[in-house]
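To keep things clear, I will list the structure first and then write my remarks on it.
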Amino acid sequence: MITEEIKEEKKDTLILAIETSCDETAAAVVKNGREVLSNIIYSQIALHTVFGGVVPEIASRKHIEKINPVIEAALSEAGVTLQDIDAVAVTYGPGLVGALLVGVAEAKAIAWAAGKPLVGVHHIEGHISANYIEHKDLEPPFLCLVASGGHSHLVLVEDYGQYQIIGRTRDDAAGEAFDKVARAIGLGYPGGPKVDRVAREGDPNAIPFPRAKIEGAPDDFSFSGLKSAVLNYLNQCKMKEVPVNTADVAASFQQAVIDVLTDHTISAARRIGISKIAIAGGVAANSSLRTQMQELARKNNMTFYHPSPVYCTDNAAMIGVAGYYEYIKGVRDSWDLNAVPNLKIGQR
C-alpha cells in the first residue's frame, strides 16, 4: 500500500501594525515579515513647521483625529479585513508619551474587539527591521547604525529580536544636530532633508568643523561639540560682518557628521568581525551618508544594506516586520500594555 503524505499548505501570517511615536500617524499590513501589503502614513510636518519642531500636544490631538481613517485605508489597500489579521503590532516606546498612548490604546481596542493577539514593538527595533523589507537575503547577525532625531546607536543584531548596543550618543543625536544647525542657518524644520538638499551646492571641505572622538569609548558618538562649532562660526561671521555661505556651512557640517557615523560603523564592524552592515532611522535617508557608507563598505569587503527613504522615516511597515518576528517567537502582550517613552532596546 502506498502512503501519500499530504502537506498542509503553510498559512500566511498577516500583521496589522500601528505607529504613532512622534508626528506621523501610520498603519500597515505586513505578510510573513517581509512583504508590505500596505503602508499608509499621515505626516504632520506642515503642522509643526511653523513652530520649528514637533509640538507634543498638537501631535497627540492629530493622531486621535487621523488614526481610524489611516487604519481603514491600510486594511483597504491590503485587501484584508480584521478577521484576516493574525495579530496587531504597535509601537509602545520610545517616543512622545501622548502620541504613543494614542496608538497603544487603538491597538488594544482593535485586538480586544477582533479577538487577536497584541504585540508591543520597540520603535528603534522597528527601524532596524525596515532593512528586511527590501533585502530578502539579509539575515542576522549584522551591525546596524541607527541614526535619527533622538537616537544615534550602533547595534549588533545577533538574531531576530536580539540586540546588543555597541555604541550610543553621549549628548545630541545626529538628527537632533541636523535640526539645530538647520534652524541656525535659516533652513527651518525638518532639518535633515533641507540640509541634505542645500549641501549639494556647497563645498564639504570649506570649513574645518571638528570630528569628535571619545577617549575610551571609540564606538560612542558626540555631536554637541560639532553643533557648538557651527554656532560659533556663525557668530564670528556676524561679528566680523563676513557673509555666510549657507551651502558651504551645510555641506561642511553634514560631512563632519557623516565622517563620524561611517568611521564608527566600519571600525566597529572590523573589530567585531562582521561583514554585513546596515543603516536605519531618519538620517539614513541622507544621500551623502548612503553614498559614503557604500563606498567604505566596498573598500572593506563588506555588504551594505539600507532601506528606501520611505522606510527610513517613521512608518508602520517596519513595526509590522518587527512585530512579525516577535509574534512567531510567541511574544504576546496583555491588556495592561502601556506607553514607555524612554524604553530601552531589548527591554520588555
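Using the Kirkwood radius over C-alpha pairs as Rh, can you work out the diffusion coefficient of the stretch 138-308 via Stokes-Einstein at 20 °C, viscosity 1.002 mPa s, in µm² per second? Please report the intermediate quantities before stating the final value.
Details: Rh = 16.3 Å.
Calculated translational D: 132 µm²/s.
Highest mean first, what order results for 78-90, 300-312 on Cβ atoms within 10 Å? Kindly include the intermediate steps, with their values, before the conclusion.
Numbers: 78-90: 19.2, 300-312: 17.6.
My ranking of the peptides, most packed first, is 78-90, 300-312.
Based on the Cα coordinates of the stretch 295-340, what is the per residue volume of their convex hull in Å³?
Values: hull volume 6.4 nm³, N = 46.
Considering the Cα atoms of the stretch 295-340, their hull volume per residue is 139 Å³.
May I ask you to order 163-171, 204-212 by the average number of other C-beta atoms within 10 Å around their residues, highest value first? Provide the component values of the computation, followed by the final result.
Working: 163-171: 17.7, 204-212: 15.1.
Final packing ranking: 163-171, 204-212.
Rg (Å, one decimal) plus Dmax (Å, integer) for the alpha carbons of the stretch 1-134?
17.2, 78
In the chain, which whole DSSP H runs stretch at least 24 Å along their own axis (Cα) and average 1.0 or higher on the Kyte-Doolittle scale? Write down the numbers at each step before the final one.
Details: long enough: 56-78 (31 Å, -0.20); 97-114 (25 Å, 1.57); 246-272 (39 Å, 0.37).
What comes out of the filter, once short or polar helices are dropped, is 97-114.
Apply the a/c threshold of 1.5 to the C-alpha gyration tensor of the stretch 144-218 and tell me whether it is rounded, prolate or oblate.
In terms of gyration-tensor shape, prolate.
Under a cut-off of 29 Å between alpha-carbon atoms, report the lysines in cross-link reach of LYS136, not counting same-chain residues fewer than 8 places apart.
Once the sequence-local lysines are set aside, what remains near LYS136 is LYS7, LYS10, LYS11, LYS31, LYS116, LYS276, LYS299, LYS329, LYS344.
What number results when the radius of gyration of the chain, computed over Cα atoms, is divided by 2.2 N^0.38 Å? If you can, show how the numbers build up before the last one.
Numbers: Rg = 21.3 Å, N = 348, 2.2 N^0.38 = 20.3 Å.
Expressed relative to 2.2 N^0.38 Å, the Cα Rg reads 1.05.
Need the list of aspartates and glutamates near LYS108 for cross-linking: C-alpha distance under 12 angstrom, and skip anything on the same chain fewer than eight residues off.
ASP333, ASP336
Give the peptides 330-336, 25-31, 93-99 in descending order of average Cβ contacts within 10 Å, highest first.
Values: 330-336: 12.0, 25-31: 28.4, 93-99: 22.1.
Order by mean packing, descending: 25-31, 93-99, 330-336.
Run lengths n ≥ 4 of DSSP H only: what is the helix-derived mean residue ellipticity at 222 nm for the chain, with -39500 (n - 2.57) per run over all residues, to the nearest 500? Intermediate values should be presented prior to the final figure.
Working: 12 runs with 149 residues, N = 348.
Taken over the chain, the calculation gives -13500 deg cm²/dmol.
Contact order normalised by length for the stretch 138-308, with contacts defined as Cα pairs under 8 Å and 6 or more residues apart; what percent is it?
Taking the mean separation of contacting Cα pairs over the length of the stretch 138-308, I get 26 percent.
Using Cα-Cα distances under 8 Å and only pairs 6 or more residues apart, what relative contact order does the chain have, in percent? Working shown, then result.
Working: 755 pairs, mean separation 83.3, N = 348.
Relative CO of the chain lands at 24 percent.
Between the stretch 173-226 and the stretch 255-332, how far is it from one alpha carbon centroid to the other, in angstrom?
That distance is 19 Å.
Please report, in debye to the nearest 20, how large the charge dipole of the stretch 138-308 is about its Cα centre when each Lys and Arg carries +1 at its beta carbon and each Asp and Glu carries -1 there. Working shown, then result.
On the way: 18 positive and 18 negative charges, 46 e Å.
Taking the Cα centre of the stretch 138-308 as origin, the dipole is about 220 debye.
Is the shape of the stretch 257-348 best called rounded, prolate or oblate, per the rule: a/c under 1.5 gives rounded, else a/b larger than b/c gives prolate, else oblate, with a ≥ b ≥ c the square roots of the Cα gyration tensor eigenvalues? Could the numbers behind the result be given before it?
Details: a/c = 2.31, a/b = 1.93, b/c = 1.19.
Prolate is the answer for the stretch 257-348, as a/c is 1.5 or above and a/b outweighs b/c.
Over the chain, what is the percentage of antiparallel beta bridges among all DSSP beta bridges, to the nearest 5? Please report the intermediate quantities before stating the final value.
On the way: 27 of 44 bridges.
Within the chain, antiparallel bridges account for around 60 percent of the total.
Assign unit charges at the C-beta atoms only (+1 for Lys and Arg, -1 for Asp and Glu), then state the dipole size of the chain relative to its Cα centre in Debye, rounded to the nearest 20. Intermediate results must be reported in sequence, preceding the final value.
On the way: 33 positive and 41 negative charges, 170 e Å.
The dipole of the chain has a size of about 820 debye.
Sort the stretch 95-175 into rounded, prolate or oblate with this rule: let a ≥ b ≥ c be the square roots of the eigenvalues of the Cα gyration tensor; rounded if a/c is under 1.5, and if a/c is not under 1.5, prolate when a/b is larger than b/c, oblate otherwise. Mind showing how you got there, number by number?
Working: a/c = 2.66, a/b = 1.40, b/c = 1.90.
Since a/c reaches 1.5 but b/c is at least a/b, the shape of the stretch 95-175 is classed as oblate.
Values quoted throughout were computed directly from the atomic coordinates according to the rules given, and no laboratory measurement underlies them. Since the model is a prediction, treat every value here as computed from it, not as a measurement. All Cβ positions, glycine included, derive from the backbone under ideal geometry; neighbour counts span all protein chains shown.
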